[in-house]
1. Check region 194-213 and report whether any residue there is in a loop (DSSP other than H, G, I, E, B), at pLDDT 95 or above and closer than 24 Å to residue 25 by Cβ.
2. Using the structure shown, decide if residue 68 is within 11 Å of the ligand (Cβ to nearest atom) and either within 20 Å of residue 99 (Cα to Cα) or without any contact (Cβ under 8 Å) to a residue 24 or more places away in the chain (or both).
3. Considering only residues that are surrounded by 23 or more Cβ atoms within 10 Å (Cβ to Cβ), in contact with a helix residue (DSSP H, G or I) (Cβ under 6 Å, 6 or more places away or on another chain) and closer than 14 Å to residue 166 by Cα, which ones fall in region 14-35?
4. Looking only at region 49-62, count every residue that is over 21 Å from residue 11 (Cα atoms) and surrounded by 13 or more Cβ atoms within 10 Å (Cβ to Cβ) and tell me the total.
5. Among (1) over 21 Å from residue 95 (Cα atoms); (2) more than 9 Å from the ligand (Cβ to nearest atom), which single condition is residue 42 missing?
6. Just one of (1) part of a loop (DSSP other than H, G, I, E, B); (2) crowded, with 22+ Cβ neighbours inside 10 Å; (3) free of Cβ contacts under 8 Å to residues at least 60 places away in the same chain trips up residue 11, so point out which.
7. Whether any residue in region 145-154 is surrounded by fewer than 17 Cβ atoms within 10 Å (Cβ to Cβ), farther than 20 Å from residue 196 by Cα, out of contact with any strand residue (DSSP E or B) (no Cβ under 9 Å at 6 or more places or on another chain) and without any contact (Cβ under 8 Å) to a residue 24 or more places away in the chain is what I want to check.
8. Can you tell me which of 135, 191 is modelled with pLDDT of 95 or more, in contact with a helix residue (DSSP H, G or I) (Cβ under 6 Å, 6 or more places away or on another chain) and surrounded by fewer than 22 Cβ atoms within 10 Å (Cβ to Cβ)?
Ligand SMILES: N[C@@H](CCC(=O)N[C@@H](CS)C(=O)NCC(=O)O)C(=O)O
């Protein structure tokens, strides 16, 4: 049994990555949600976590932090990465590209699963990242035959792009027909639906996240439970 510490489901993009694959692959785990902005909970959490950040995984006396390290730890025992070598190499490369890149998308389109937002502007750098994302997804889907990015099964690379799936939905970002079909498929997986439903139930609001969204765009709809 694993213990997984995560942030609010509405906002915590990094937490979604391990959670979604652990749920999708039916791994036994207990989740602990640490709401952003709740100082008491964060202070308590910082006493057990080395980085003070979520996601954070504990198994017995072993602790693992950072979403990439957590997936690699789980990969020692679970089918996180594709079995075929070239698919695995591609999946790891694409996941690493997401982990260290797409900063414009990350900064301008803060994850907020339950909201629909119209961005004030679409700078060239953001359009370039969306084109790159679309090209990358098209490459994986055509090379490995879909329906997931590296082939028949939901793997670590799908988990790494899961937060982007919610960002595309929230900000109405436009992709090719193949890219859009992949977004729909992902939104309909059991694990993504479960996360989304939990996110909508959250009544907690974190001012830094809310303010960053208002700075970048106009909120068109908010499906979250009333604060
Ligand atoms: N690179 C890390 C990033 C983790 C991260 O920044 N987590 C955010 C929440 S989504 C956090 O814990 N923020 C709280 C803080 O910095 O105090 C990962 O992949 O896990």
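1. no
2. When the stated conditions are applied, residue 68 passes them.
3. 16, 17, 20
4. Residues in region 49-62 being over 21 Å from residue 11 (Cα atoms) and surrounded by 13 or more Cβ atoms within 10 Å (Cβ to Cβ): 2 in total.
5. (2)
6. It is condition (3) that residue 11 fails.
7. Checked region 145-154: at least one residue is surrounded by fewer than 17 Cβ atoms within 10 Å (Cβ to Cβ), farther than 20 Å from residue 196 by Cα, out of contact with any strand residue (DSSP E or B) (no Cβ under 9 Å at 6 or more places or on another chain) and without any contact (Cβ under 8 Å) to a residue 24 or more places away in the chain.
8. That would be 191, the only listed residue that is modelled with pLDDT of 95 or more, in contact with a helix residue (DSSP H, G or I) (Cβ under 6 Å, 6 or more places away or on another chain) and surrounded by fewer than 22 Cβ atoms within 10 Å (Cβ to Cβ).
The values are calculated or read from the model by the stated rules, or taken from the named source; none is laboratory data. Bear in mind the structure is a predicted one, so any value in this text is a computation, not a measurement. Positions of Cβ are generated from backbone atoms using ideal geometry, with glycine treated the same way; all protein chains shown enter the neighbour counts.
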